[in-house]
Amino acid sequence: MDLEVRHLQLVAAVADVGSLTRAGDQLHLTQSALSHQLRDIESRLGAALFLRVGKRLVLTPAGERLLTSAKDVLERLRQTEHDIRAMGRDHAGVLRITTECYTCYHWLPPLLLRYRRKFPRVEVRIDVEATRRPIEMLLAGKLDLAIISSTVNDRRLVSRPLFSDELVVIASRRHRFAQQTHVKIAEMRDETLFIYPPREESRVLQDVLLPAGAAPARIEEVTLTEAITELVKAGLGVAVLARWAVQPLVDAGTLVARPLTARGLRREWRAVMPKDLASIDYVKEFIDLLQKHAPTARSRDPNLAKAATGHS
């Protein structure tokens, strides 16, 4: 594109006052600078924009056409600048978020209610489609913040620690695991393991079991946690889920949860965002709320004790 905003401003100013000198006063430029810019525009477009009639510059048909567009573009830019400045003053804007775990979407709504009370003019958009590729979407400018547990090594992004949680093996009360204090990795070889699709993205399977030579006897991909827990309750297999997500079922005595290995398996969650967003007040406040009301704080905040689904 050959035209720039300064060219549009020049055409609008000259058309308004009919003189390079007076237009220069308006734009805070010298007459020679404006004359040079005008010749540059006409050269780029291959058409004269003004004709001199006496002491006044008047628009040619090409100039009239450009002026119409210039007025529209400049007005849109002025309105956009005004809106953006107002957003800054009024703490308004859009915050596009996703998580790396479908479970998290079930404890976000109560948190969003708290957030909305403080920032009523910030629209929070949850992008579920970006769940499987949050970093890619952040770098593409299609997300503002992602809640993830995977490692991030990109200088264009910054991260803030949020919370840690434990992944546990869940089984029916009649399962042999119910009699144990923990589950050894090797014991998973004999089990049917329910995981979320696709199996290539199951971190427990790909990062823990397979490297240890403990591939389960059977792997079943199930989309919903509710379905997984029902299958586990029926004694048809086991699953590995976040402890906080299944704790209500454990408390109710409908299934048991055991650590995977004596040391347990933990994840560290963090908020990741582009560097230029890290200092914005409504982004920082959202992260503060995440830290204070993380799912591991459910016992402290009953409003967050919701049913959950997950992707581990």
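Quick note: the coordinates plus some simple rules give every number you see, no bench work behind them. As the structure is a prediction and not an experimental result, all values here were calculated from the model. Positions of Cβ are backbone-derived with ideal geometry, glycine not excepted, and every protein chain shown enters the neighbour counts.
Quick look at the numbers
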read-out	value
Largest to smallest principal axis extent of the C-alpha atoms in the range 173-263, angstrom	34, 28, 22
GNM flexibility winner over the chain from Arg133, Arg203, Arg52 (Cα, springs under 10 Å)	Arg52
Degrees between helix 108-118 axis and first principal axis of the chain (Cα, 0 to 90, nearest 10)	40 degrees
Gaussian network model of the chain, springs between alpha carbon atoms under 10 Å - residue of Arg155, Arg258, Arg173 with greatest fluctuation	Arg155
Span from the the range 210-231 Cα centroid across to the the range 41-75 one, whole angstrom	69 Å
Projected label distance in nm at Ala140 and Ala62, using a 7 Å step from Cα toward the beta-carbon	4.1 nm
Principal semi-axes in Å for the range 6-89 [√(5λ), Cα gyration tensor, largest first]	26, 15, 11
Those residues of the range 40-73 whose amide nitrogen sits under 16 Å from the label point placed on Asp25, 7 Å along Cα→Cβ	56-57
Fully extended contour minus Cα-Cα distance, from Glu4 to Glu166, at 0.36 nm per residue	52.8 nm
Nearest-0.05 FRET efficiency for Ser279 and Arg173, computed from C-beta distance (R0 35 Å)	0.10
Relative contact order (percent, whole number), the range 140-287, Cα cutoff 8 Å, 6+ residue spacing	46 percent
Most fluctuating residue given options Thr192, Thr225, Thr151, as computed from a GNM of the chain linking Cα atoms under 10 Å	Thr151
Nearest-20 debye value, the chain charge dipole, Cβ charges on Lys, Arg, Asp, Glu	620 debye
Binned Cα-Cα distance frequencies in the range 30-170 - 5 Å width, integer %	2, 7, 11, 12, 12, 9, 7, 6, 7, 8, 7, 6, 3, 2, 1, 0, 0, 0, 0
Burial ranking of peptide ranges 158-167, 67-76, 5-14, 204-213 (average Cβ count within 10 Å, highest at the top)	5-14, 158-167, 204-213, 67-76
Largest-first principal axis extents of the Cα set of the range 106-163 (Å)	34, 24, 21
Size-normalised alpha-carbon gyration radius of the range 239-284, reference 2.2 N^0.38 Å	1.82
Alpha-carbon spread of the chain, three principal axes, descending order, Å	102, 39, 29
The chain: relative contact order as a whole-number percent, Cα under 8 Å and 6+ apart	21 percent
Equivalent ellipsoid dimensions for the range 203-244 as semi-axes, Å, which come from the Cα gyration tensor, largest first	20, 12, 9
Positive dipole terminus of the chain, leading residue within Pro274, Gln79, Gln180 (C-beta point charges)	Gln180
